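Below is one structure, written out as structure tokens; the observations come after it.
The values are calculated or read from the model by the stated rules, or taken from the named source; none is laboratory data. None of the values given here were measured: they were computed from a predicted structure. In this analysis, Cβ positions are derived from the backbone assuming ideal geometry, glycine residues included, and neighbour counts consider all displayed protein chains. Keep in mind that these areas ignore ligands, DNA and RNA; they rest on the heavy atoms of the full protein, side chains included. Shrake-Rupley method; radii C 1.70, N 1.55, O 1.52, S 1.80 Å.
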Amino acid sequence: MTRKRPEDLRSHRWYGVQDLRAFGHRSRAAQMGYDRADYAGKPVIAVLNTWSDINPCHTHFRARAEEVKRGVWQAGGFPVEMPALSLAEPFQKPTTMMYRNFLAMEAEELLRSYPCDGAVLMGGCDKTTPGLVMGATSMGLPFIFMPAGPMLRGNWHGKPLGSGSDAWKYWAELRAGNITEREWGEVEDGIARSAGHCMTMGTASTMTSVAEALGLTLPGAASIPAPDANHARMATATGRRIVEMVWEDLKPADILTARSFDNAIVTALALGGSTNAIVHLIAMARRAGVALALDRFDALAARTPLLADVRPAGRFLMEDFYYAGGLPALLAEIRDLLALDERTVNGRTLGENIAGAKSYDPQVIRPRADPLVASGSLAVLRGNLAPDGAVIKPAAAEPRLLRHTGPAVVFADYNDMAARIDDPDLAVTADSVLVLKNAGPKGGPGMPEWGQLPIPKKLLAQGVRDMVRISDARMSGTSYGACVLHVAPESWVGGPLALVRDGDRIELDVPARRLHLHVSEEELARRRAAWRPPAPRYARGYGRVFAEHIRQANEGCDFDFLEGTAPTPEPEIH
Ligand code: FES
């Protein structure tokens, strides 16, 4: 491997040459108090920090950025912290998914337009991981992803509480009259009690683990709880390593391959990870020039056991998972399913990184001989209701519903659902199939996490806790139930979901991978002819860009003009 020389650095064009522009760059660096010795001949490391006052998952990122910088200084680099869009899952509306591509664009353009030689990407809250990775992959500079780490376990009356999962659970219990308003308030105060991202196996834990399995983090980084001192040390080690990666010119293209994406999918499946990972992995793969199709997930699910006994699929939380050995221990259990010779950011292979790792608690990280689910924890469905595919997590559903036919109860959109779902006169039974339209990439917009439609109150009171639910929405990784998600094409663009009416019989057959609307072709043709596209929602701004360029769920929901690997010209330094 040829090492770079200082004059080969990209930043040399800004700082190292003798012309009027470089005078400007150096004099402005001096204005900030930097001496030439601080940066001359050193790799400039962008620390892309998604800290924000409104992002509870990244509250420790101010301190962590300093720890990353400490590592960069130690290794002879010049750290430059740059704030990037924070995508705070609980607060940003209509959904952070609408802004994932915005962050990807920002990350890519920050790295391109400034004198960066390499980057540390600081993210963790749901969409920040794919957003940062997508953008940095398109830019193509060496980078390391630094995961935020999960928050500590929640606590209520001495019982552990899990992000999301226990909110849905106790909300249902409140609605069913089984807990009091006061107890509900105690749950509110106890469910999130430290910095860090959601500590169930939601989208955040899934995507940071996926980033590690792809080889984009230091080994073991994704599982360390945010407040743990090991997390701070990992941040510094990340800062040290990126400087060396720049000299080695170890780029994402050397790490991200079809085989590393298979590793990522297998990892997500063994973790019982969020279905959101499907959309993000397809988008990330396309940025890396890897053609990843929905069916690859089904194929790999057929041979991957679910070993992480972590909520919502299992019992424990990320803190327990870390103490049980963390992701390296899980990967060691499924080593025969992984491409172990794939390179990672530390210069070693995935196999070398997990050598010697083992589970310290077989209840949390199960042995291969005792999986939570032997295989098939994710299924890709097709049929006349989802010609381009839909997904379901069979392990998260009541088994009796995996083969089910029932009459549709249709909601035109989220507001219609919210207004009628608890109506005592709603014609719904436990056998009904709840259908939510216009919740997809364009219709939501941003494919909000509405896919776990609430069980109607009158059915809750009868003890019903799961029903078949179908939508073009996503579902929070911390949710559960017989929810068919990501129906493509979506109803907003005239996909078959748009044609479903109350009372239509819908058949879900997970073993046969089938989602069928029992309505004749002639009748569907009549309905299709009568269907009118909704009026555009945005006349201007980002919303308009989004609506005009967003791809469907089975294609990863990237913007059409951002996909692929065609190089974007480097800026001229005038
Ligand atoms: Fe940030 Fe869940 S709210 S990861």
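Here are the numbers for this structure:
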| quantity | calculated |
| --- | --- |
| Any hit, the stretch 180-188, residues being in contact (Cβ under 8 Å) with a residue 40 or more places away in the chain and within 16 Å of the ligand (Cβ to nearest atom) | no |
| Number of the condition not met by residue 178 [criteria: (1) open to solvent by 20 Å² or more (accessible area, probe 1.4 Å); (2) modelled with pLDDT of 95 or more] | (2) |
| Single unsatisfied condition, residue 33 versus (1) out of contact with any strand residue (DSSP E or B) (no Cβ under 8 Å at 6 or more places or on another chain); (2) away from the ligand (no atom under 14 Å from the Cβ); (3) outside any loop (DSSP other than H, G, I, E, B); (4) more than 19 Å from residue 232 (Cα to Cα) | (3) |
| Search result, residues across the stretch 327-378 that are at pLDDT below 95, among the hydrophobic types (A, V, I, L, M, F, W, C) and in contact with a helix residue (DSSP H, G or I) (Cβ under 6 Å, 6 or more places away or on another chain) | 373, 378 |
| Selected residue (only one of 100, 112 is in contact with a helix residue (DSSP H, G or I) (Cβ under 6 Å, 6 or more places away or on another chain), within 16 Å of the ligand (Cβ to nearest atom) and in contact (Cβ under 8 Å) with a residue 12 or more places away in the chain) | 100 |
| Scan of the stretch 414-456 for residues that are open to solvent by 50 Å² or more (accessible area, probe 1.4 Å) and not in a loop (DSSP other than H, G, I, E, B), ordered by number | 414, 415, 418, 419, 420 |
| Residues located in the stretch 18-39, provided they are open to solvent by 30 Å² or more (accessible area, probe 1.4 Å) and either closer than 20 Å to residue 119 by Cβ or at pLDDT below 95 (or both) | 18, 19, 20, 21, 25, 32, 34, 38 |
| Restricting the stretch 1-17 to residues that are under 9 Å from residue 115 (Cα atoms) and not hydrophobic (A, V, I, L, M, F, W, C), the residue that is surrounded by the most Cβ atoms within 10 Å (Cβ to Cβ) | 11 |
| Which listed residue is buried (at least 17 other Cβ atoms within 10 Å of the Cβ) and either assigned to a helix (DSSP H, G or I) or touching a Phe, Trp or Tyr at 6+ places or on another chain (Cβ under 8 Å) (or both), from 328, 371 | 328 |
| Sole residue being part of a helix (DSSP H, G or I), within 14 Å of the ligand (Cβ to nearest atom) and under 30 Å from residue 559 (Cβ atoms), chosen from 206, 137 | 206 |
| Any hit, the stretch 554-567, residues being open to solvent by 70 Å² or more (accessible area, probe 1.4 Å) and either among the polar types (S, T, N, Q) or modelled with pLDDT of 95 or more (or both) | yes |
| Which numbered condition residue 159 fails, given (1) of a type in the set (D, E, K, R); (2) crowded, with 18+ Cβ neighbours inside 10 Å; (3) free of Cβ contacts under 8 Å to residues at least 40 places away in the same chain | (2) |
| Positions within the stretch 458-478 being of a type in the set (A, V, I, L, M) and more than 16 Å from the ligand (Cβ to nearest atom), in sequence order | 459, 460, 461, 464, 467, 468, 470, 473 |
| Residue pairs meeting the criteria (Cβ under 7 Å; at least 6 apart or on separate chains; first closer than 12 Å to residue 42 by Cβ, in the stretch 3-28; second exposed (fewer than 11 other Cβ atoms within 10 Å of the Cβ)) | 16/7 |
| Qualifying residue in the stretch 376-396 (condition: farther than 24 Å from residue 294 by Cβ, away from the ligand (no atom under 16 Å from the Cβ) and either open to solvent by 10 Å² or more (accessible area, probe 1.4 Å) or of a type in the set (A, V, I, L, M) (or both)) | no |
| The stretch 58-95: number of residues that are open to solvent by less than 10 Å² (accessible area, probe 1.4 Å), within 15 Å of the ligand (Cβ to nearest atom) and among the hydrophobic types (A, V, I, L, M, F, W, C) | 3 |
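Let's see how each residue does on (1) closer than 30 Å to residue 483 by Cα; (2) polar (S, T, N, Q):
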position: 238; (1), (2): no, yes
position: 254; (1), (2): no, no
position: 261; (1), (2): yes, no
position: 268; (1), (2): yes, no
position: 279; (1), (2): yes, no
position: 283; (1), (2): yes, no
position: 289; (1), (2): no, no
